[in-house]
Amino acid sequence: MSFEHYLQRGTQKLRMGFTTGSCAALAAKAAAQMLFTGERVEAVRIMTPKGLPVEAQVLDIELVADYVRCAVQKDAGDDPDVTDGVLVYAELRKTDRPGVHIDGGNGVGRVSRPGLDQPIGAAAINRVPRQMISKEVQAICERHDYKGGLEVTISIPQGARLARRTFNARLGIEGGISVLGTSGIVEPRSAQALIDCIGVELRVLAAEGYRGVMFTPGNYGRAFIAAHPSLAQATVPTVNCSNFIGDSLDLAVACGFKQILLVGHIGKFVKLAGGIMNTHSSVADCRMELLAVHAALAGAERNTVAELMDAISTDGSIEILDEHGLRKTVFHSLLQRIQAHLENRVGDAIEIGALLFSNLHGFLGQTETAADLIASFR
């Protein structure tokens, strides 16, 4: 069965999918029906929290006297999800203990650090999937006037292997993957999924007592940090924020962080001088305009400003600034604007700063606050 709901992303029409949480709820509902009727269920349907129905085939059915086990296959749609195609199993058994009791089995991770959705030691089945599973199973119990309890075990046999391709170990989820999803639906290339991941990491770090953090968009920033002793020796964690600078700052403030240093390539972070807090090129690309404006403010002639506007890369623009002796003045001006926009975003209670670099030209400059932050991090 194919899940036929779509999103339009620019010129692309992308098929949505459904989460591991939806798979777990679907499998649990099918298993509950079979447990009470003794008859095989070939297909099952639920309504997701997003309000979209999901129907799936029921696979690998094991129907015996005292328990039922079955699976639903994850369909991530057009999203490049590592769990696409995996089988999510639910096993149900009756118990004298009232209520629906949910746990994780083979391939479902266990929480080992504070700050995650579930307490330490619990199966990494998040709150919304647990609610979805309970809702579907309780409805079957009521239909059959069953007053006893049920034990629901969710397992993902490929989970331990797939977990090695995720950030789970770093986040504090060991032995498998998480059963996730707040809407029940996978939206292709979801920006929100990345932001949610950043939020999870920050909450874990905050729960461990950290109040300082370094943000960098990705691998370039991490390589720069590792190569510079003053940054590499920092006792605060580094978190990848991708293009979501503003969202990451908001999350850090909400988690109680008090010191934030951003370390980023000029190609992304020059946009901060214009108050642009999502640095993806599809959102805004005013790199050359900002460099040209600040060069003009520094006294650049019209031909130099035009050269900067025509530059094909920020590294190329730095070479133009160097030719005219403008690099120091322009970056001082840019960094002042970056600092102003960062402070406006996080408020007065947070110490914040930024450091800019280029892969070709190395260190380019830092805000006035950055040196004190780096010193305090050591």
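The values are calculated or read from the model by the stated rules, or taken from the named source; none is laboratory data. Source: prediction; values computed, not measured. Glycine also receives a Cβ, built like all others from the backbone with ideal geometry; neighbour counts cover every protein chain displayed. Remember, those area values only see protein heavy atoms, side chains included, never the ligands or the DNA or RNA. Shrake-Rupley method; radii C 1.70, N 1.55, O 1.52, S 1.80 Å.
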Going by average Cβ neighbours within 10 Å, how do the peptides 246-257, 173-184 rank, with the highest at the top? 173-184, 246-257
Among the chymotrypsin sites (Phe, Trp or Tyr not before Pro) in region 85-185, which ones are in a DSSP loop with at most 16 other Cβ atoms within 10 Å of the Cβ? Mind listing them? Tyr146, Phe167
Please give, to one decimal in nm, the separation of the simple spin-label points placed at Thr95 and Tyr146, each 7 Å out from Cα toward the Cβ. 1.4
Please work out, to two decimal places, the log10 of the ratio I(q)/I(0) at q = 0.13, 0.18, 0.22 Å⁻¹ from a Debye calculation in which every Cα of region 22-157 carries one identical scatterer. -0.52, -1.01, -1.45
Once the other residues with Cβ under 10 Å from the Cβ of Gly17 are scored (Lys, Arg +1; Asp, Glu -1), what is the net sum? -4
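What FRET efficiency would be calculated for the residue pair Ile350, Ala226, taking the C-beta separation as r and a Förster radius of 25 Å, to the nearest 0.05? Don't skip to the end; give the middle numbers.
On the way: r = 25 Å, r/R0 = 1.02.
It comes to 0.45.
Quote the FRET efficiency, to the nearest 0.05, computed for Tyr6 versus Glu55 with a Förster distance R0 of 25 Å and r equal to the Cβ-Cβ distance.
Values: r = 16 Å, r/R0 = 0.66.
Plugging the Cβ-Cβ distance into 1/(1 + (r/R0)^6) gives 0.90.
So what is the orientation-averaged projected area of the chain, using the convex hull of its C-alpha atoms, in nm²? Before the final figure, lay out the partial values.
Numbers: hull surface 84.0 nm².
The number I arrive at for the chain is 21.0 nm².
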Please report the Cα spread of region 80-179 along all three principal axes, rounded to whole Å, starting with the longest. 44, 30, 19
Put +1 on the Cβ of every Lys and Arg and -1 on every Asp and Glu Cβ in region 298-378; which of Gly362, Ser376, Gly316 then has its Cα farthest towards the positive end of the dipole? Ser376
A student asked for the Cα radius of gyration and Dmax of region 272-342 in angstrom ought to give 11.7, 32
By accessible area with a 1.4 Å probe, ligands and nucleic acids excluded, highest first: order of Cys23, Cys197: Cys197, Cys23
Assigning unit charges at the beta carbon (Lys, Arg +1; Asp, Glu -1) and nothing else, what dipole magnitude in debye, to the nearest 20, does the chain show about its Cα centre? 600
Express in whole angstrom the spacing between the alpha-carbon centres of region 226-287 and region 28-91. 41
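So what's the net charge close to Asp285: Lys and Arg +1, Asp and Glu -1, counting the other residues with Cβ under 12 Å from its Cβ?
Working: positive: Lys268, Lys271, Arg287; negative: Glu289.
Its environment carries a net charge of +2.
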For region 322-378: Kirkwood Rh in Å [reciprocal of mean 1/r, alpha carbons]: 12.4
